[in-house]
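Note sheet for the following structure.
Only the coordinates and a few stated rules stand behind these numbers; no lab work does. Computed from a predicted model, the values in this text were never measured in an experiment. All Cβ positions, glycine included, derive from the backbone under ideal geometry; neighbour counts span all protein chains shown.
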Amino acid sequence: MRKLVYYVAVSLDGYIAGPAGEFDFYPTDDEMMRQINAEYPEFVPTPLRSHIGMAVDAPNRHFDAVLMGRGSYEPALVTGVTSPYAHMRQYVVSSTLGRIDDPAVELVEADPVGLVQRLKKEEGLDIWLCGGGKLAAQLLGEIDEMIIKSYPVVAGAGIPAFAGEFQPTLFAPVQRKEFGNGAQATWFARA
């Protein structure tokens, strides 16, 4: 069965973005991005691939579907990109977006849990939960694994990694890698 994997960057105080969706405050590290992009090419938006020296049609290694909340999808829309991950099946979960003018992106207006349960039963690679915090909280019961990039910065406020009800859920670390900028990537599996 396919797994739902939440891959996200977080600050030391648990925010994935600033109050207005900012994420440019994370200290960058070329080595970190090279290693993650090589292992997980599907995380690189299709329009950016050629800019970093990656083939636009680089094969997916782990994922063939991506779920995003409206806040994760809008940065692409602002730049005129309606299909940011054209190399995967794309789902945007939003009850307020109204419509998406791109047949490659499916708008899901309700029941993201039902969507994930249906996708898990289909054949294919795993499903990437791209964000955001509200969607992650709604899908916490369906998240099988997490890849957390933890950066050595305190945001102070913003969008939490999980913006929902108090629901303690155990995950066990299975791998950790540190990088030159002080960031760590940690792989977790549901305990």
Restricting to Cα pairs under 8 Å and 6 or more apart, the percent relative contact order of the range 29-70 works out to 37 percent
Where in the range 157-191 does the amide nitrogen come within less than 19 Å of the point 7 Å from the Cα of ASP30, taken along Cα to Cβ?
-> 179-183
With the contact rule set at Cα under 8 Å and sequence spacing of 6 or more, what percent relative contact order holds for the range 88-191?
-> 22 percent
Antiparallel bridge percentage (DSSP; both residues within the chain; nearest 5) | 40 percent
Going by how many other beta carbons lie within 10 Å of each one, how would you line up THR46, THR96, THR169, fewest first?
-> THR96, THR169, THR46
Residues MET54, MET1, MET32 arranged by fewest to most Cβ contacts within 10 Å = MET1, MET54, MET32
Fewest-first sequence of TYR85, TYR40 by Cβ atoms within 10 Å of each Cβ = TYR40, TYR85
Pairs of Lys in the chain closer than 23 Å at Cα, counting only those 8 or more apart or on different chains | 8
Using θ = phi - 60° and Karplus 6.51 cos²θ - 1.76 cosθ + 1.60, couplings along the range 36-44 (whole Hz; Gly, Pro as x) = 5, 5, 5, 7, 10, x, 5, 6, 8
Cα pair distances of the chain binned at 5 Å [whole percent] | 1, 8, 15, 20, 23, 19, 10, 3, 0
Excluding ALA155 itself, what net charge comes from residues whose Cβ is under 12 Å from its Cβ, given Lys and Arg +1 and Asp and Glu -1?
-> -3
Cα convex hull of the range 38-92: mean projected area in nm², to one decimal?
-> 3.7 nm²
Rounded to 0.05, the calculated FRET efficiency for the beta carbons of ARG61 and ALA104 at R₀ = 25 Å is 0.75
Once you have all Cα-Cα distances for the range 97-178, histogram them in 5 Å bins from zero and send the whole-percent values.
-> 3, 10, 18, 22, 21, 13, 8, 4, 0
Choice from ALA136, ALA104, ALA161 with maximal GNM fluctuation in the chain (Cα, 10 Å cutoff) = ALA104
Between HIS51 and ARG190, what FRET efficiency comes out of the Förster formula 1/(1 + (r/R0)^6) with R0 = 45 Å and r the beta carbon distance, rounded to 0.05?
-> 0.80
